[in-house]
Every structure is written in C-alpha cells, then in structure tokens.
C-alpha cells in the first residue's frame, strides 16, 4: 500500500529542530531559508524564544500543535530523540538532514537501524538521514541549504545524491528549469524513490519525474511503482555506475554476460522508464516531455536556413533511431513558389541564408502538415534578415497544430524576448541540433513504451505439480530436462536419456539414421569444447560411440540421444537471476559465439510477446535472422514465443539461478531448442 505523502509534499506548517540565529551554522542557513514559507514556522532550540520573527520552543514536545513537516538537523543521537518526540507529538512527516549514520561505518549503521525502528514504532514518514532537504516551490518552501531554492515548474526531481542535488538547483535556476518538487533522498532508510513515485504520480502539478539513482533496494517494487507512473506520466532516470566491473562471476554463458547495469537497463525498459546519460540530458528530456505533445511515430521533418546544422541534425536523427524521410510531392509543390530556386526541398528543408520570416512561416506550416512527418525541428543560425524573436513567434503560432516541435537557435544568446516567447509557447529550445533531436527521440520512445505497457501480459504460470518431477532434489539440470522447456511452448527435438551404451542404441533406432550424442556429467559446462558431443553418429554405431563417451568422462550420469536436426541459424536464449531485480531473460547469437561476440540483450522476466520480439530485434546480429544476403528469414514469431517461454520458466521457478538454451536452431518455419542446462539453488526460495 502506497504511503500518504500528501502532507509531506504540501505542508501547511513546518518546524526546524536545530534552528539557529547564526548564519555560520547549518541550522541558521536552513532556518533563514525556511522562514520565507508562508505558513506557520517554528524553531526548536532551547536557546531562543524567537528566531527571525518566528516562534522558537525548547523541544518538539513544546510545540503548540503537530506540524505537517519536521526538519531535523541536530547531532545524530539528538536527532533520534527528536524523531521519537515527533512520534509522541503526532508529527507524521520528518526529514533528517543530519549526517553520521550508515555512511560513516558500523556505529552509524546501528544508529540508522534505530532510526528505522522509531519510524516503524510511530508509523512515521522519514526522509534521509543525511539528506540535503526538500524544495516545494508551489507552497513556497525551501528546506535546503541552497540560497535560492527552485523555480516552480512541472518536473518532480528525486536525487540520491545531495551534492548533485545542490548543483542541480543552482544550474536549473540559471537555465529557467522549474520543479513541482525537489527531494534529496539521502540514505533512504525509510522513504525512497518507490514511496515518492506514486506520490508524484498523484500530484497534479507534476508532469514528469526525473531521478538520479545510484541503486535501488527492492528492484521489483521499483519496477512496479515506476510502471504505474509511466502509464500516465514520463519517468526519466540518470543511473550512475555503468561499469561492468561489478558483474558477478558465473558459470553459464548467460551469467557471464549479465551485469548489474544490464539489469538496470532491462528494468527501466520493463517499467517504461527513459534512461539518459548526463545531468543536462536528464532535464532536457524531462522538460521536453512536459512541454511537447507525443508524436505519432519516428519521422522527423527538419527546416533550416543553414545547410551544415541541417546535416548535423539528420546525422543525429539516424543515431537516435529517427527517420528523416523525403517530403511528399504535394508538400514540395506547395513550398516551391515561396522559396529561393536554389533551396533544397527534400528533407532537411534548407531555405538558405536569405530566408525571411515569411519564408520560414510557410515552410514550417507545410512541413508540419506533411502526412509523412510526425515531429519537426527548426534550425537557424544568426542572420541580419531574420531575428530570433521573429522566428520564435512563428514557431509559437505553429505550436498549436499539435505536431511536436523543437527549436535549435545556434547562438550564444537568444535574447530575453525570444526565450520568453519559446518558453511561453512550450517549445523546447537548444543550441546544439543533436540535443534537440535527442529530446524529440525521447518523446517517440516514451510513446512506444507507454503503448507497450497497455499490452496484455504473459500467460498464467505452469502448475507447480508439472514442474516438480524435473526439480525435486536437483542442483542442476542438463539436456535431459529439455521436456521442461516443452511445458512452456518451446519446441524440443525427440530424444531421451540412456545410462548404458545398449540403451543408447535402442533409442537411436527410433530416432532416425543418424543422431546426436551428448554426455551428461556433473561439472561439465561446455560439452562441445570438452569433446562431449558427437553429431551425426550413424544409429548402428551409437553403442560404440556412447561407450567411448562414458569412458572419456568417468562418473557421467549417461548419454542423451537426440534426433539429428538440420542446420539452422543458431540463437542462444538464457536467463539469470539478478539479486536486485530477479530473473532476466537473454537473447543473443548462438553456438560458440555467444560469449566471443557478446551480442546479447536482456529483459526483465517474464516478457510479453511484444517485449520478446523487441528483444530479438535489438541484437546487432538481427539481420542474420531477418534474411541477410538472400538467405530466407527465420520464423521470428516462433523465436519470440520461445523467448517468452524461457522467460516464463525463469519467472515461475525461483530455484533457477541461471539457465542456457544454446543453441536454439531457427528455421523459416519454426525453431527447435537443441540443448539446455540450468543451475538451481540447493533450497527453494519465494518468487521474486
């Protein structure tokens, strides 16, 4: 159940525990900011009766009535006692700005545990500890040490770093970026992003949520909470820690290729969250999402009076996955009488340096009306014939046509008039064309993510009773467990397990003239590399070949005899259980190349049918599956169903730590899983 943070984000009264009159003390700096709050403000400090014209009481217990939000910045031990006093007083919301908790070592860890116990005992909403504070522009509260707070706006910002949050407040003020709420999460002992996401979702002043994260505690809860928000409002995340250095050692192909950052990427996609790479991009994308409507598709129209910037924009569009299609003949015909004969009317539309305001007006209107254009970018370089303010007014008029529109005015200073016109019209504006293109691409990506979230989800789990015979008492599964995949709709070849050469021969006679033999032995990871696989063995020679394999691998459980499949395009499917987000499903090129090439993609399991298809299409080797160089394409729907089946298996069986289906052979008319192995936990645990 979501916490009620309405009074936290819209307080009517505030108390500062540790308030001071000294501007050299953090209590003085904070209180000087808080006193501008229009509602009741109380200082809590036994050394004063009044501070900066506001009443001051000795302790929390002495407050005349409970306040909506208590800000605590006394030393750690006193902070814990102040928090207890808040509980006794009936104050439900507190922000602990004090440091000296888990970030300073074992003693601080125990203090933080005590803080959590107090919050649980009194059912408190506690931000921090070690938080930079909150800024709530709509109610006029700056409860941080930043001198100017924040401008009002539509972005709700959550930051795991107080230092970054402080820097962002200063940067955003100079850039004119506004916030519905700014929250520094601190150590996240009680409240974290999972608590604030639904609160910002319900806040009518918040149009988009921006997050700076270093990690999440409960990955599945984060995905659930973020998914609820992204159905209605965009969520943009800057996640620190892209390095693969922390990837854990693993025995399988899939486990070796997975890493913590891949898991975050997969989780963000699952939740419909947009991930960005820089602080500036975080707010540029968030600002565009609260200003511009969402496009129908990915087709971009570009209008410019400078050829070079137009080319840069087209290049950036290709890198961002946008199309820059030729304009329709009707659009070109309508434009031609209004532009210079030397102008280029393809796309980008280059109006040349002598383009007037009238020329731009016609060009922008015609490009926006083109049925093959889903969004538009207008570029200009400084020129005496056309002022930035004139072009800004033209774009403001065009903004009402409903097609997303961005501007790139390539000058150091637009001038207050042009900036004001663009800002009032809600038109995202940038100096560099590539930044404008990235913002427009984010609009398209969010539309696609939101549409995917409305898709019917995956089928019901397979009954546990059907799975138990494969799992009971096992720590690993080998090729003999291929029928487990069949329960999830993944086609498997005919075959069976033989414990003796004679049994192998009997099986082979029922499978065809030639078969495949695979030794099943504990601790054998890569059977092909170790010589444990024989392909195309004549059925009559199977007993002798099986005998050789069993001799070569003393202690082997037996030999799996499998029908010989025709050659196909090899794909690797797999799954690995991430400690934060649970099972991830993997797709990559198969056979021996999966680790050599590293061309793999991951998604949070279980996946829907569209997620499965998107995963397949996202690998670099996809052209091999789509029919490169005249080859027939493989059966992509069948492969997507297999991906979905493997993802469901990983999600249904919490004992599975890692699994590999490598290769799955892909044909124009279907797919077949040729091999399988999985590592299980020794004892079951509840599903993630």
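Each value in this text was obtained by applying a stated rule to the coordinates, not by laboratory testing. These numbers come from a predicted model, not from an experiment. Cβ atoms come from the backbone with ideal geometry, glycine included; neighbour counts cover every protein chain shown.
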(message) Could you work out the relative contact order of segment 292-453? I mean the mean sequence separation of Cα pairs under 8 Å and 6+ apart, divided by the number of residues, in percent.
(response) 30 percent
(request) Determine the gain in length on full extension of the stretch residue 681-residue 202; use 0.36 nm per residue of separation and subtract their C-alpha separation, reporting nm with one decimal. (result) 168.4 nm
(message) Looking at the chain only, what percent of DSSP beta bridges run antiparallel? Nearest 5 please.
(response) 50 percent
(message) Largest first and in whole Å, what are the equivalent-ellipsoid semi-axes of the chain based on the Cα gyration tensor, each being the root of 5 times an eigenvalue?
(response) 53, 40, 17
(message) Once each part is reduced to its C-alpha centroid, what is the distance from segment 27-69 to segment 500-538 in angstrom?
(response) 79 Å
(request) Using the number of other C-beta atoms within 10 angstrom as an exposure proxy, rank 672, 643 with the fewest first. (result) 672, 643
(message) 7 Å from Cα along Cα→Cβ at both residue 330 and residue 4: what's the point-to-point distance in nm?
(response) 5.6 nm
(message) Based on alpha-carbon centroids, what's the gap between segment 146-163 and segment 633-650 in Å, whole number please?
(response) 44 Å
(message) Rg over Rh of segment 569-680, using C-alpha atoms and the Kirkwood radius, what does it come to?
(response) 0.95
(request) Let me see the pair-distance distribution of segment 35-158: every alpha carbon pair, 5 Å bin width, integer percents in order. (result) 2, 11, 19, 22, 21, 14, 9, 2, 0
(message) Please arrange 506, 614 by how many other C-beta atoms lie within 10 Å of their C-beta, fewest to most.
(response) 506, 614
(message) Once you place label points 7 Å from the Cα toward the Cβ at residue 121 and residue 365, how far apart are they in nm?
(response) 7.2 nm
(message) Counting pairwise Cα distances across segment 494-563, what percent come out greater than 14 angstrom?
(response) 47 percent
(message) With angles folded into 0 to 90 degrees, how steeply does helix 260-271 sit against the dominant principal axis of the chain? Use alpha carbons for both and round to 10.
(response) 70 degrees
(message) Taking the number of other C-beta atoms within 10 Å as the exposure measure, put 56, 547 in order starting with the fewest.
(response) 547, 56
(request) Enter the angle in degrees (range 0 to 90, nearest 10) between the Cα long axis of helix 609-618 and the first principal axis of the Cα atoms of the chain, meaning the one along which they spread out most. (result) 90 degrees
(request) For helix 193-202, report the angle its Cα long axis makes with the longest principal axis of the Cα atoms of the chain; keep it between 0 and 90° and round to the nearest 10°. (result) 60 degrees
(request) Give the whole-number value, in cubic angstrom per residue, of the convex hull volume spanned by the C-alpha atoms of segment 351-492. (result) 216 Å³
(request) Under 1.5 on a/c is rounded, so check that first for segment 286-400, then, if it is not, pick prolate when a/b is larger than b/c and oblate when it is not; a ≥ b ≥ c are the square roots of the alpha carbon gyration tensor eigenvalues. (result) rounded
(message) With the crude spin-label approximation of a point 7 Å out along Cα→Cβ, what separation in nm comes out for residue 78 versus residue 381?
(response) 6.2 nm
(request) Multiply the residue separation of residue 232 and residue 109 by 0.36 nm, subtract the distance between their alpha-carbon atoms, and state the gained length in nm to one decimal. (result) 40.5 nm
(request) Could you let me know the centre-to-centre spacing of segment 270-289 and segment 603-623, using Cα atoms, in angstrom? (result) 22 Å
